[in-house]
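The values are calculated or read from the model by the stated rules, or taken from the named source; none is laboratory data. What you see is a predicted model, and the numbers here were worked out from it, not measured in a lab. Cβ placement follows ideal geometry from the backbone for every residue including glycine, while neighbour counts extend to all protein chains displayed. For accessibility, only protein heavy atoms count, side chains too; no ligands or nucleic acids. Shrake-Rupley method; radii C 1.70, N 1.55, O 1.52, S 1.80 Å.
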Amino acid sequence: MSIRLLSLDIETGPAKVWTFGLFKPYLSDRHVIEDSRMICFTAQWVEEGVEHPVLFFSEHSHGRKQMLDAVWGLLNECDAVITYNGKTFDIPWIAGELSLDGYTPPSPFHHIDLFQVIKSSTYLLTKKLDYVAHRYLDDSKVTHEGIQLWIGCMNGDAEAWQRMEEYARKDTALLGPLYFKLRPWIRVHPNVNLYTDEPEALACDRCTSTNLKKNGFRLTATKRFQVYACKDCGRQLSSRRGSVLAATGPAL
């Protein structure tokens with residue numbers, strides 16, 4: 001038994017609106033002709049040493065219900081989902097789509113947003129996924145023609161949908177390798193040992209490795225905790241039990 005990690009990314013279509021001008025138009029909900037919606041998503045099971053296929057579901061190829069059934073089923077099955085800026089976009093958007101169509105919430109899951117990791121733990125010139133993938137993985141997103149790609153998809157253009165699928169698959173394929181690069185830097189992460197048959201074993205809480213070495217101590221006001229460095233993934237972790245420090249102040 002091990003933790004089930006799922007990387008996920010969605011694409012949405014633009015809304016259609018009425019407007020009297022192109023320069024800084026004032027738009028409200030009364031101008032909307034057709035709401036924006038999720039038009040496709042990609043997902044991939046993330047497992048160290050195993051390359052799983054990237055799954056693709058779209059309203060064009062599968063229909064809206066099958067697409068929503070698929071995303072609900074995957075989120076219901078995973079223990080943690082990996083996204084890039086998914087805490088403010090992908091996951092809330094999916095929740096909106098599912099709730100509007102009468103779905104109940106999937107089983108609870110942890111959320112690892114790699115954009116938040118980059119934002120809180122590093123400083124880069126830009127936090128865009130294409131730049132981050134270039135710096136960490138020497139890889140990049142698929143280039144495309146911009147808004148015309150989305151317009152083509154909304155018009156049912158089969159060639160545009162082929163390009164959209166290639167673009168979306170690559171975005172999700174980047175997330176697994178990027179996760180493993182950033183894993184020791186992730187501050188809030190589920191304890192993967194809890195998903196094993198020996199949850200109490202002394203093992204890395206990121207990768208379950210027992211290849212640990214002592215690396216100093218973490219001190220609180222009253223206790224000292226042994227710090228370990230994982231030789232496999234680089235994670236620094238401290239023991240759950242600490243030793244009580246003797247009082248050093250003057251006797252009263």
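Listed values, structure above:
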| read-out | value |
| --- | --- |
| Space enclosed by the convex hull of the alpha-carbon atoms of region 1-112, per residue, Å³ | 135 Å³ |
| Region 1-156 - share of DSSP beta bridges that are antiparallel (%, nearest 5) | 70 percent |
| 5 angstrom amide H check on Ser209, placed H, neighbours 5+ away | Cys204 |
| Residue (of Leu174, Leu100, Gly216) at the positive-pole extreme of the chain, dipole from beta-carbon charges | Gly216 |
| Within the accessible area of region 22-134 (1.4 Å probe), percent carbon and sulfur | 56 percent |
| The chain: relative contact order in percent, alpha carbon pairs under 8 Å with at least 6 residues between | 16 percent |
| Charge tally in the Cβ shell below 12 Å around Asp171, where Lys, Arg are +1 and Asp, Glu are -1, Asp171 excluded | -3 |
| Cysteines in the chain that, by Cβ-Cβ distance, have no pairing candidate under 4.7 Å | Cys40, Cys78, Cys153 |
| Tail beyond 25 Å, pair distance distribution of the chain (Cα, percent) | 55 percent |
| Cβ-defined net charge surrounding Val192, 14 Å radius [Lys, Arg +1; Asp, Glu -1] | -4 |
| Those GluC sites (Glu not before Pro) in region 61-168 that DSSP places in a loop and that have at most 16 other beta carbons within 10 Å | Glu145 |
